[in-house]
Amino acid sequence: MGSSLAAQMHRIRSCGSKAFIPFLTAGFPDPQRFRVLLSQTRAADLLEVGLPFSDPVADGPSICHASEVALRHGMDAGRLFEILAQETERPPVVLMTYLNPLLAYGAERFMRDAGRCGVRGVILTDLPPEDGGELFELAAAHDVASVLLVAPTTPEERMQQIAARTTGFLYCVAVAGTTGARKQLGSDARETIARLRRVTALPVVVGFGISTPEHVRETCAFADGAVVGSALVDLIRQQQASEALPQLFAARVAALAAAAHE
Amino acid sequence: MSGEKRLTDPAPGGRTSARHALPDRGGWFGVYGGRYVAETLVTPLAELERAYAEARADVGFQEELGTLLENFVGRPTPLYFAARLSQQLGSRIYLKREDLAHTGAHKINNTVGQCLLARRMGKPRVIAETGAGQHGVATATAAALLGLECDVYMGRVDTERQALNVHRMELLGARVVPVDSGSRTLKDAISAAMRDWVSHVDSTHYVLGSVLGAHPYPMMVRDFQSIIGRETRTQILAAEGRLPNWLVACVGGGSNSIGLFFEFLDEPSVRMLGIEAGGEAIEPGRHAARFAAGRSGVLQGTKSYLLQDDAGNVLETHSISAGLDYCSVGPEHAYYHDNGRIQYDSIDDDEALAGFDALTRLEGIMPALESAHALGYLLLDRSRIEPGSLLVVNLSGRGDKDVQSVLRARGKP
């Protein structure tokens, strides 16, 4: 407890607002433009950055493709931390990745370097919370909060255990499935959060499948915030040849953020 | 008759020996194994673990499985004394004939078990990944037998080099989904199957084909395959009156090898050797010898030896044998590698082809290129198996599927 991330979520909640959190794959469409895109997220409350991994089993086609491209450009933890340290005109970052790149970099070194460049939370897609004890402690020592996932398949008793280990906010997976834009939001997230509210007072943001301002508005009616990932990655992919990419991206982020802040 | 029946008896229920103590309750083989999956899959995996434990203890389930293994799969498979090969190599060599099991490989032992379990869990649909196509064919076969819907994920590269098996799966009523991501081989097929499973976990059971993935898969697949070793013990005692000096098997994910070895892990006089795919050379991207060049890592639900770069990204692999062309290895193998109970070595594509030729010409048995790695090792000058040894080689599959690959390797169209 006592993390900067928790404090920020508390501030947002106490003034009656909601958190809008855009997602970027680090190094996509290339490291230079990724850095430019970072600076176009100022309308957001937090920023989720995905450190690419070669085998992202929890991700759908959009983020898989972005990860492959980013890896071809040589993106890795060290380079991401450098870019984050240089580009400070951006919201605090929550880093999303898989366990293996973190282990390869060295867990302690990873948390130290992440903390130094303004990463305030970490999401490890394939690390079950019950195996994360040591890692979460290392993270906390550098003011990097552990953001843990809850899914529609998570029973309430387990929700309680997960909440007890969370030091930032809870990330509710909207659908049983992979990341990826969907046309319609199902009712799973609403039901999952209703169950979650019975066992914890922690802030809960929703991700997976949220793509439009309407989705964000709908989600923020019952959650403390919303993450938009694949839809933004798709926008970047479609507009990567355009010189107006940064402006188009910033406008989309602003529109999504406005829907959360209404 | 009672002697024959014993061969298909279920595994002993009591966990009294050291080998049965692993994995522990968290799914760990020492520091390897575990359950490294997205939160959505944690509870379904716990449910699978529970359902499997119940089925394992249920006499009715074990009887149905035993009957199918006997009459549908054709077990027990023979233990064949390879006289001419033995004479040439100066050892007594027996082949465990998993190539004679229905569909032509050991994979069916596991798929019949898992598909029975799927039906018991009320799941109308199964999915599978496949490399060489043998596991896909075996899953499609068990699905047809039990009336389950079946989708098989297969890397695009493998659909091309194992086209015959694609047709077999389709004829059996399965849908084959080519996978175009990453290296387009087994690793990517597993990722695609995991993505399908996480999206359809209510209706679907994932029939994982090797001792890989998250707990309980490495344990469950091992249990279903360990019938290979149990039969072997009875058969070698009947034929020779003693246990073998060596067991030899190829190691991709590691299911045929652990299936043979498991029964003998507590027998200190029986030494064991797993042969990995050395591919073209032990250089990044050109082989699949995880114990030669890998280090501990987490991939696709489990911690084990992994071929990876400095940043923790998985390296491409190569083997002439699609079934061995995988970047990681079952966590139980990693455990027995580190404590020395099982030894590992690798041979290259050409040495495996020599093994293929030797068995085909000396014994009239065409082995799968996977199994040819175990056989090819015996021919090497650097083989660590002493002349005069009594050994059992697991002939895990038949080679019909590989005829095109062998011809291509010889420069024939």
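So what is the calculated 222 nm ellipticity per residue for chain A, using -39500 (n - 2.57) for each DSSP H run with n of 4 or more, over all residues, to the nearest 500 deg cm²/dmol? The partial results should precede the final answer.
Working: 12 runs with 124 residues, N = 262.
One gets -14000 deg cm²/dmol as the mean residue ellipticity at 222 nm.
Rounded to the nearest 20 debye, what is the charge dipole size of the range B:22-152 about its Cα centre when +1 sits on each Lys and Arg Cβ and -1 on each Asp and Glu Cβ?
Values: 14 positive and 14 negative charges, 91 e Å.
Roughly 440 debye, rounded to the nearest 20.
Mind pulling up the Rg/Rh value for the range B:40-112? Radius of gyration and Kirkwood radius, both on Cα. Please list the in-between numbers first.
Values: Rg = 17.9 Å, Rh = 15.0 Å.
Rounded to two decimals, Rg/Rh equals 1.20.
Which three lengths, in whole Å and largest first, does the protein assembly as shown cover when its Cα atoms are put on their principal axes?
83, 52, 46
Which of the lysines could a cross-linker span from B:Lys96 if the Cα-Cα distance has to be under 17 Å and same-chain partners fewer than 8 positions apart are dropped?
Result set, ordered by chain and number: B:Lys107.
Sum up the charges of everything whose Cβ sits under 14 Å from the Cβ of A:Leu84, counting Lys and Arg as +1 and Asp and Glu as -1, but leave A:Leu84 out.
Values: positive: A:Arg35, A:Arg79, A:Arg90, A:Arg112, A:Arg116, A:Arg120; negative: A:Glu48, A:Asp76, A:Glu82, A:Glu87, A:Glu89, A:Asp113.
Net of charged neighbours comes to 0.
Could you compute Rg(Cα) / (2.2 N^0.38 Å) for the range A:49-91, with N its residue count? Please report the intermediate quantities before stating the final value.
Numbers: Rg = 11.4 Å, N = 43, 2.2 N^0.38 = 9.2 Å.
Compactness ratio reported: 1.25.
List the residues whose amide H sits under 5 Å from the amide H of B:Trp28, counting only those 5 or more places along or on another chain, with H placed 1.01 Å from N in the peptide plane.
B:Gly34
How much of the DSSP beta bridge set in the protein assembly as shown is antiparallel, as a percent to the nearest 5? Don't skip to the answer; put the middle values down first.
Numbers: 17 of 79 bridges.
The antiparallel fraction comes to roughly 20 percent.
Hey, got the average number of other protein chain Cβ atoms within 10 angstrom for residues in A:50-56?
On the way: counts 0, 2, 2, 5, 14, 13, 4.
Rounded to a whole number, the mean comes out at 6.
If exposed means no more than 14 neighbouring beta carbons inside 10 Å and the site is in a DSSP loop, what's the longest run of chain B without any exposed trypsin sites (Lys or Arg not before Pro)? The partial results should precede the final answer.
Values: sites that count: B:Arg15, B:Arg25, B:Arg242, B:Arg382, B:Arg384, B:Arg410.
The longest such stretch corresponds to B:26-241.
Per-residue mean of other chain beta-carbon atoms within 10 angstrom of the beta-carbon, peptide A:143-150? Could the numbers behind the result be given before it?
Numbers: counts 0, 0, 0, 0, 0, 1, 4, 2.
Per residue, the number of nearby Cβ atoms from other chains is 1 on average.
Take the alpha carbon atoms of the range A:239-259, find their center, do the same for the range A:18-61, and report the distance between the two centers in whole angstrom.
A separation of 13 Å, based on Cα centres.
Classify the range A:45-179 as rounded, prolate or oblate, taking a ≥ b ≥ c as the square roots of the eigenvalues of its Cα gyration tensor: rounded when a/c is under 1.5, otherwise prolate if a/b is larger than b/c and oblate if not. Show your work: numbers first, answer last.
Working: a/c = 1.68, a/b = 1.22, b/c = 1.38.
It comes out oblate by the Cα gyration axes.
With N set to the number of residues, divide the alpha-carbon radius of gyration of the range A:4-255 by 2.2 N^0.38 Å and report two decimals.
Details: Rg = 16.6 Å, N = 252, 2.2 N^0.38 = 18.0 Å.
Compared with the compact-globule rule of thumb, the range A:4-255 sits at 0.92.
What size of dipole, in debye to the nearest 20, comes out for chain A about its Cα centre when the only charges are +1 on Lys and Arg C-beta atoms and -1 on Asp and Glu C-beta atoms? Kindly include the intermediate steps, with their values, before the conclusion.
Working: 24 positive and 28 negative charges, 124 e Å.
With Lys and Arg at +1 and Asp and Glu at -1, about 600 debye.
Quick check on chain B: helices-only [θ] at 222 nm, where DSSP H runs of length 4 and up contribute -39,500 (n - 2.57) each and the sum goes over total residues. Nearest 500, please.
Values: 17 runs with 172 residues, N = 413.
Value at 222 nm, helices only, nearest 500: -12500 deg cm²/dmol.
Using the Cα centre as the reference, give the magnitude of the dipole from point charges on the C-beta atoms of the range A:26-72 (Lys, Arg: +1; Asp, Glu: -1; all else neutral), rounded to the nearest 20 debye. Walk me through the numbers on the way to the answer.
Details: 4 positive and 6 negative charges, 54 e Å.
Computed about the Cα centre, the dipole is about 260 debye.
Where a Cα-Cα gap under 14 Å defines reach, which aspartates and glutamates qualify for B:Lys187, not counting those fewer than 8 residues away within the same chain?
Within the straight-line cut-off, B:Lys187 pairs with A:Asp55, B:Glu129, B:Asp158, B:Glu316, B:Asp325.
How large is the convex hull of the Cα atoms of chain B per residue, expressed in Å³ as a whole number?
Working: hull volume 53.5 nm³, N = 413.
So the per-residue hull volume is 129 Å³.
More than 15 Å apart: what percent of Cα pairs in the range B:24-64 qualify?
Numbers: 446 of 820 pairs.
Result for the distance tail: 54 percent.
Mind grabbing the base-10 log of I(q)/I(0) for the range B:218-330 at q = 0.19 Å⁻¹? Debye formula, identical points on the C-alpha positions, no solvent, two decimal places.
-0.96
Using the Cα gyration tensor of the range A:134-253, with a ≥ b ≥ c the square roots of its eigenvalues, what is the shape: rounded (a/c below 1.5), prolate (a/b larger than b/c) or oblate (neither)?
It comes out oblate by the Cα gyration axes.
If you wrap a convex hull around the C-alpha atoms of the range B:319-366 and split its volume per residue, what is the figure in Å³? All intermediate terms of the calculation are to be shown ahead of the outcome.
On the way: hull volume 5.0 nm³, N = 48.
Measuring per residue, one finds 105 Å³ for the Cα hull of the range B:319-366.
What ³J(HN,Hα) values, in whole Hz, does the Karplus curve 6.51 cos²θ - 1.76 cosθ + 1.60 give for the range A:83-89 when θ = phi - 60°, with x put for Gly and Pro?
Per residue, the Karplus-derived 3J(HN,Hα) values read 5, 5, 5, 7, 9, 9, 7 Hz.
With the cut-off at 1.5 for a/c, could you classify the range A:1-121 from its C-alpha gyration tensor as rounded, prolate or oblate?
Taking the square roots of the gyration eigenvalues as a ≥ b ≥ c, the range A:1-121 is prolate.
Using only the Cα atoms of the range A:152-198, what do you get for the radius of gyration and for Dmax, in Å?
11.5, 34
Using modelled backbone amide H atoms (1.01 Å from N, in-plane), which distant-in-sequence or interchain residues come within less than 5 Å of A:Val49's amide H?
Counting only residues 5 or more places away or on other chains, the set is A:Leu24, A:Val94, A:Leu95, A:Met96.
Other chains near A:93-100: what is the mean number of their Cβ atoms within 10 Å of each residue's Cβ?
On the way: counts 0, 0, 0, 0, 1, 6, 6, 12.
Mean inter-chain Cβ contacts per residue within 10 Å come to 3.
Among A:Val173, A:Ser67, A:Met9, pick out the residue whose Cα is farthest towards the positive end of the charge dipole of the range A:4-255, where Lys and Arg carry +1 and Asp and Glu carry -1 on C-beta, about the Cα centre.
Comparing the listed Cα positions along the dipole, A:Met9 ranks first.
Only the coordinates and a few stated rules stand behind these numbers; no lab work does. Everything numeric in this text was worked out from a predicted model, so none of it was measured. Methodologically, a virtual Cβ is constructed for each residue, glycine included, from the backbone with ideal geometry; neighbour enumeration extends over all protein chains shown.
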